[in-house]
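The values are calculated or read from the model by the stated rules, or taken from the named source; none is laboratory data. What you see is a predicted model, and the numbers here were worked out from it, not measured in a lab. All Cβ positions, glycine included, derive from the backbone under ideal geometry; neighbour counts span all protein chains shown. The area values use the complete protein model at the heavy-atom level, side chains included, leaving out ligands, DNA and RNA. Shrake-Rupley method; radii C 1.70, N 1.55, O 1.52, S 1.80 Å.
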Amino acid sequence: MIEEALRSLRKGEIVLVFDAANRERETDMILAAEFVTPEHIKILRNDAGGLICAPVSAENAEKLGIPFMTDIMQVASKKYKVLKRLSPHDIPYDEKSAFSITINHRKTFTGITDNDRALTIRELALLCKNGQHERFGEFFRSPGHVTLLRAAPGHVINRKGHTEMSIALMEMAGLTKVAVCCEMMDNKSGNSLSTRDAQLYAEEHDLIFLDGSQVIKAYEEMIASM
Ligand code: 5RP
Ligand code: CA
Ligand code: CA
Ligand code: ZN
Ligand code: ZN
């Protein structure tokens with residue numbers, strides 16, 4: 001199953017990943033940022049419906065110089081006291097938020113259209129792929145309409161969120177370690193889409209559905225074999 005998922009990702013296809021019953025209990029649509037098209041963004045908007053984010057590996061985040069949003073808030077709280085009170089130390093499903101800054105590519109207009117978001121995400125992946133991290137500020141502006149997520153070092157070894165699962169999948173597939181993810185929502189109830197319905201969606205659309213434990217196990221096995 002994991003091999004099939006990696007093959008799909010290498011072809012620029014979407015893979016569905018449920019994190020865990022003892023975590024968010026969410027299924028995210030995940031794909032490789034280097035292959036994202038406006039058509040993908042349309043699918044994420046209409047069929048997933050959550051927040052479209054771009055997970056970045058710790059290594060790429062370090063080279064780009066992008067902080068966690070929590071670090072920005074901490075520094076800024078010296079001037080804006082309310083930011084200290086807003087500290088996200090009580091997330092119900094994990095210890096730490098993966099949120100980083102939001103960005104737009106400088107060639108976008110508003111930044112929100114399918115064309116604009118695909119451009120921002122794809123260009124970020126290509127910048128990282130080409131090792132041009134130091135030119136980040138030349139090509140992108142912030143705030144923008146794509147939320148970057150910063151993966152923990154060692155990915156799923158140190159944090160078991162979709163952020164790290166996305167990057168672990170990119171690494172196992174041999175792809176640039178920048179991804180796209182978006183939570184699948186239930187249009188009827190407004191809640192997260194049930195695992196059952198996410199699996200049905202996968203079957204109907206001929207997509208691979210993975211349980212987070214499969215991603216973690218495959219990644220641990222890869223590390224152990226190195
Ligand atoms: C951003 C989120 C999503 O859940 C996304 O999957 C990343 O978060 P995490 O790594 O915590 O699963 O909250 O929309
Ligand atoms: Ca989350
Ligand atoms: Ca606006
Ligand atoms: Zn998640
Ligand atoms: Zn979420």
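Per-structure values
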read-out: Karplus 3J(HN,Hα) series, Hz, for region 179-194 with 6.51 cos²θ - 1.76 cosθ + 1.60 (x for Gly, Pro); value: 10, 10, 9, 7, 5, 8, 10, 9, 5, 7, 8, x, 8, 4, 5, 5
read-out: Cα gyration tensor, region 1-66 - rounded (a/c under 1.5), prolate or oblate; value: rounded
read-out: Net charge of neighbours whose Cβ lies under 15 Å from the Cβ of LEU6, counting Lys and Arg as +1 and Asp and Glu as -1; value: -1
read-out: Residue-by-residue Karplus 3J(HN,Hα) for region 84-96, coefficients 6.51, -1.76, 1.60, Hz, glycine and proline x; value: 5, 5, 7, 3, x, 8, 10, 5, x, 10, 7, 7, 9
read-out: For the chain, average projected area of the Cα convex hull in nm²; value: 12.9 nm²
read-out: Surrounding net charge for GLU204, when Lys and Arg each add one and Asp and Glu each subtract one, Cβ distance under 11 Å; value: -4
read-out: Selected from MET1, PRO153, ILE72, residue furthest toward positive end of dipole (the chain; charges at beta carbon); value: ILE72
read-out: Alpha-carbon gyration tensor eigenvalues x 5, square-rooted, for region 178-226, Å; value: 28, 12, 10
read-out: Surface per residue (accessible, 1.4 Å probe) for the chain, Å²; value: 51 Å²
read-out: Loop-exposed chymotrypsin sites (Phe, Trp or Tyr not before Pro) per DSSP, neighbour cap 16 Cβ within 10 angstrom, longest uninterrupted part of the chain; value: 110-226
read-out: For LEU149, distant residues with modelled amide H under 5 Å away; value: ALA54, VAL56, SER100
read-out: Under the Karplus curve 6.51 cos²θ - 1.76 cosθ + 1.60, θ = phi - 60°, whole-Hz ³J(HN,Hα) for region 32-44, x wherever Gly or Pro sits; value: 6, 4, 5, 10, 5, 10, x, 4, 4, 4, 4, 5, 4
read-out: Most positive-pole-ward Cα, SER166, ILE112, LEU127, against dipole of region 94-218 from beta carbon charges; value: LEU127
read-out: Cα-based convex hull volume of region 152-212 per residue, rounded to whole Å³; value: 104 Å³
read-out: Apportionment of accessible area to carbon and sulfur, region 1-132, percent (1.4 Å); value: 55 percent
read-out: Local electrostatic count, MET185, Cβ distance below 14 Å [Lys/Arg +1, Asp/Glu -1]; value: -4
read-out: DSSP beta bridge pairing in the chain, given as percent antiparallel to the nearest 5; value: 70 percent
read-out: Volume per residue that the Cα convex hull of region 25-134 spans, once the total is divided by residue count, Å³; value: 139 Å³
